[in-house]
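Shown next, in structure tokens, is the structure this report addresses.
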Amino acid sequence: MFYWTALSLLLVGGAYVFNVAKIFRKRENGVIPFYIRWAFVPFLLGAQVYNAWSRKRDKVPPLQQINDHFRKKNGTELIEKLKNCSFIPKFYKCDITDTNSLENVIAEVIKSIGEISVLLNNAANDERHEFLDTTHEYFDWEYQTNLKPHVFTAIAVIKSMIKLGGGSVINVGSIGWMRKNEKTILYGVFKSSLHGLTHGLAKRFGKDRIRVNTLVPGWTMTKKQIEVHLDEEGEKKIKEGQCLPDKVLPEDIANAALFLASDDSKMITSQDIVVDGGWT
């Protein structure tokens, strides 16, 4: 037992020090090798014991509350940075998977700041998953995160835009499904559906001077992507896939969104605006 535990700690520690955590990931067939699982057992058991012990003494709220706290903290910090802008931003907390809550918040926004002229449908979660392990609950979560809120937000906001005599809807897509990413199949299903939503809305509400486009980011180097998903294999794919040598940054996507939101793009609608360094 001592040697087993020592080996487990050595493997985990070595993976952390040398940044080779990929040894613990599933292989292309979706399975973690038996010897890795066997070596990892003592570490997992130890982690479970420690977590159980620490929870009894921890005064910090549960994880979901911590996430909500940091989201609110990040939102208020952003507002503080932008407080000297000509338009003072406001932060509203909302669970987008709860349609009633989403619609109520949109109504609150309109009541507070007036009719909405620009919508950036940016909510998403590109969690990696094994397709054959998909459950009904997981499918519903993907749908409620990556497509349903976009539809009902568009319904609520377009009504507002009609009153204004025009507006711009920007649906944020992804090149993931275009590149046939097998690790995010459901994410790709719903992201690709946004393109259909874009073209249909553009035709239906063009007469109301409402422009609808899909902003399609490449692999964008957000904090989450860098810390969670980007590894040596990913670096190699970017170099091989992109025409341009630089990585796509959040500000590259933001600049494209500002263009689509502005009058500079007043005759652009029903289009896919791809910002991916030439990957697709």
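The numbers here are math on the coordinates, done by the rules we state, and not lab data. Given the structure is predicted, the values throughout are model-derived calculations rather than measurements. Note that we place each Cβ from the backbone using ideal geometry, even for glycine, and neighbour counts take in every protein chain shown.
Any chance you could count the Lys pairs in region 161-215 whose alpha carbons are under 25 Å apart, treating pairs 8 or more apart or on different chains as valid?
Values: Lys163/Lys203; Lys163/Lys207; Lys180/Lys191; Lys183/Lys191; Lys191/Lys203.
For region 161-215, the number of qualifying lysine pairs is 5.
Where a ≥ b ≥ c are the square roots of the eigenvalues of the C-alpha gyration tensor, would you call region 75-150 rounded, which needs a/c under 1.5, or, failing that, prolate if a/b is larger than b/c, or oblate? Walk me through the numbers before you get to the answer.
Values: a/c = 3.15, a/b = 2.00, b/c = 1.57.
Taking the square roots of the gyration eigenvalues as a ≥ b ≥ c, region 75-150 is prolate.
Let me know the Kirkwood hydrodynamic radius for region 115-275, please, with Cα pairs as the basis and the value in Å to one decimal. Don't jump to the answer; show the numbers that get you there.
Numbers: mean 1/r = 0.0601 Å⁻¹.
Across region 115-275, the inverse of the average 1/r is 16.6 Å.
How high is the FRET efficiency between Leu7 and Asp231 when r is their beta carbon distance and R₀ equals 30 Å, given to the nearest 0.05? List each step's numbers first, then the result.
On the way: r = 24 Å, r/R0 = 0.79.
Computed FRET efficiency for Leu7 and Asp231: 0.80.
What spacing in nm lies between the two simple spin-label points modelled at Arg37 and Asp263, each 7 Å away from Cα in the Cβ direction?
Placing both labels 7 Å along Cα→Cβ, they lie 6.3 nm apart.
Round to a whole angstrom and tell me the spacing of the C-alpha centers of region 139-202 and region 223-254.
After rounding, the separation between the Cα centres reads 23 Å.
Going by C-beta contacts inside 10 Å, put Thr280, Thr214, Thr220 in order with the fewest on the left.
Numbers: Thr280 13, Thr214 25, Thr220 19.
Result, fewest neighbours first: Thr280, Thr220, Thr214.
Lys90: which aspartates and glutamates have alpha carbons under 14 Å from its alpha carbon, excluding same-chain residues fewer than 8 sequence positions away?
Straight-line reach from Lys90, under 14 Å: Glu77, Glu80, Glu108.
Could you compute the FRET efficiency for Thr134 and Met221, with r as their C-beta to C-beta distance and R0 at 30 Å, rounded to 0.05? Can you show the working numbers first?
Details: r = 28 Å, r/R0 = 0.95.
Given R0 = 30 Å and the Cβ-Cβ separation, E is 0.60.
Let me check I've understood the local charge: for Gly173, count other residues with C-beta under 13 angstrom from its C-beta, Lys and Arg +1, Asp and Glu -1. What total comes out? The partial results should precede the final answer.
Working: positive: Arg179, Lys191; negative: Asp126, Asp272, Asp276.
Residues close to Gly173 contribute a combined charge of -1.
Give me the extension gain from Arg209 to Ser117: residue separation times 0.36 nm, minus the current Cα-Cα distance, reported in nm with one decimal.
Working: separation 92, 0.36 × 92 = 33.12 nm, distance 1.09 nm.
In short, 32.0 nm is gained.
How much length would be gained if the chain were fully extended between Asn84 and Ala254, taking 0.36 nm per residue of separation minus their Cα-Cα distance, in nm to one decimal?
Values: separation 170, 0.36 × 170 = 61.20 nm, distance 1.92 nm.
Between Asn84 and Ala254, full extension yields 59.3 nm more.
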